[in-house]
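Report on the following structure.
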Amino acid sequence: MLRIGPSGNSLSFYESGHKHTYEAAAWLASIGLNAYEYSFGRGVHITDETAEKIRSEMKKYDVELSVHAPYYTNFANPDPEMIKKSIGYIVSSLIAMRKMGGNRTVFHPATTGKMIRSEAVALAKDNIALLMDDLNKEIPFDDYILCPETMGKLGQIGTVEEVVDFCKLDPHLYPCFDFGHINSYTRGGIKTKDDYRRIIDYTFNELGELKAKNIHIHFSKIQYGPSGEIRHLTFADTQYGPLYEPLAEIIDEYRMTPFIICESREVMAEDALIMKNCHKNV
């Protein structure tokens, strides 16, 4: 089953009189969407009462929830104390995610900083392995999915190949392919159906059918420059890509069941509906 929905709330959600995220489940179900991503981008701050309201409403309306861990995780930081902080952000996100009824958490892998990229990637991989060791000891549940995300700026770690390699470290690790990021990092490298096919085929070959069919997807058009990502756009933009239709064709052709989140600026629910309508059997 395909899960498609927005990251956060569209402007129209608030304009229609809604104020609280727990109201999003009924609103999304009413327009035909069944997924929602909650961002802890600036820190994990949510009360148990609010988490329970969100969990109850999402379950009632069959809207599946994922969360995004704080943006400042960096597993290539050379300071061990900072690695402990990044691990703490993931632990807190997973615990909050479970209280909210979700089972997927997305995180940013790392930045290169002043290191040579190969050294930074190797350090990030070692520390993500350390993260998974800690999670296996600290998290009191085992049915979670943790998704390292492909990144859009040249100074960030998170190419398709890097993310796929990280996901070989543990059964809980599944890729989050942000195709707007991938397109920004490659400065317009996703143009055709075959461009998507190469990424998906690579994932099947490297990670196997279970993980490849159930990847996490972020999608939006993104403005980019010489250093990669600049800002998120909407599907109305005609200058920057990528286009969603060819990816939808690949997902349908391969009978994939990914969790798909739209990150368009201010109209993420509306653009998520456009994405849904690109699929044949949803």
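The values are calculated or read from the model by the stated rules, or taken from the named source; none is laboratory data. Since the model is a prediction, treat every value here as computed from it, not as a measurement. Here the Cβ positions follow ideal geometry from the backbone for every residue, glycine too, while neighbour counts run over all protein chains shown.
Among residues of segment 109-133 that are at negative phi, those with a beta-carbon under 7 Å from a residue that is modelled with pLDDT under 95 at least six positions away or on a different chain give the pairs A120/G113.
On the stretch given as segment 203-230, residues that are touching a helix residue (DSSP H, G or I) at 6+ places or on another chain (Cβ under 9 Å) and closer than 16 Å to V163 by Cα total 11.
Rundown of residues vs (1) over 30 Å from R255 (Cα atoms); (2) out of contact with any Lys or Arg (no Cβ under 9 Å at 6 or more places or on another chain); (3) of a type in the set (A, V, I, L, M), yes/no style:
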site	(1), (2), (3)
R3	no, yes, no
A35	no, no, yes
K59	no, yes, no
T73	yes, no, no
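When segment 241-260 is examined, which residues are found to be touching a Phe, Trp or Tyr at 6+ places or on another chain (Cβ under 7 Å) and over 18 Å from K280 (Cα atoms)? Of everything in segment 241-260, just one residue is touching a Phe, Trp or Tyr at 6+ places or on another chain (Cβ under 7 Å) and over 18 Å from K280 (Cα atoms), namely P242.
Looking at L33, L65, which one is in contact with a Gly (Cβ under 9 Å, 6 or more places away or on another chain), surrounded by 15 or more Cβ atoms within 10 Å (Cβ to Cβ) and farther than 15 Å from M100 by Cβ?
Result of the check over L33, L65: L33.
Restricting V91, V121 to residues that are closer than 30 Å to Y240 by Cβ, part of a helix (DSSP H, G or I) and under 20 Å from the mean Cα position of the chain (by Cα) narrows the list to V121.
Restricting segment 130-177 to residues that are aromatic (F, W, Y) and not in a strand (DSSP E or B), the residue that is nearest to the chain's Cα centre (by Cα) is Y174. Each residue in segment 233-270 was checked for being among the charged types (D, E, K, R), in contact (Cβ under 8 Å) with a residue 60 or more places away in the chain and at negative phi, and 2 of them qualify. The residues of segment 83-118 that are buried (at least 22 other Cβ atoms within 10 Å of the Cβ) and polar (S, T, N, Q), listed by number, are S86, S93, T105. Take the conditions farther than 30 Å from A129 by Cβ, part of a loop (DSSP other than H, G, I, E, B) and in contact with a helix residue (DSSP H, G or I) (Cβ under 8 Å, 6 or more places away or on another chain) and apply them to N74. Does it pass? In short, no. Within this structure, T21 passes the test of being surrounded by fewer than 24 Cβ atoms within 10 Å (Cβ to Cβ), within 18 Å of E266 (Cα to Cα), free of Cβ contacts under 8 Å to residues at least 60 places away in the same chain and among the polar types (S, T, N, Q).
The residues on offer are E81, E37, and the sole one that is acidic (D, E) and assigned to a strand (DSSP E or B) is E37. Applying the condition of being part of a helix (DSSP H, G or I) and of a type in the set (D, E, K, R) to segment 253-282 and asking which residue is farthest from I222 (Cα to Cα) yields E253.
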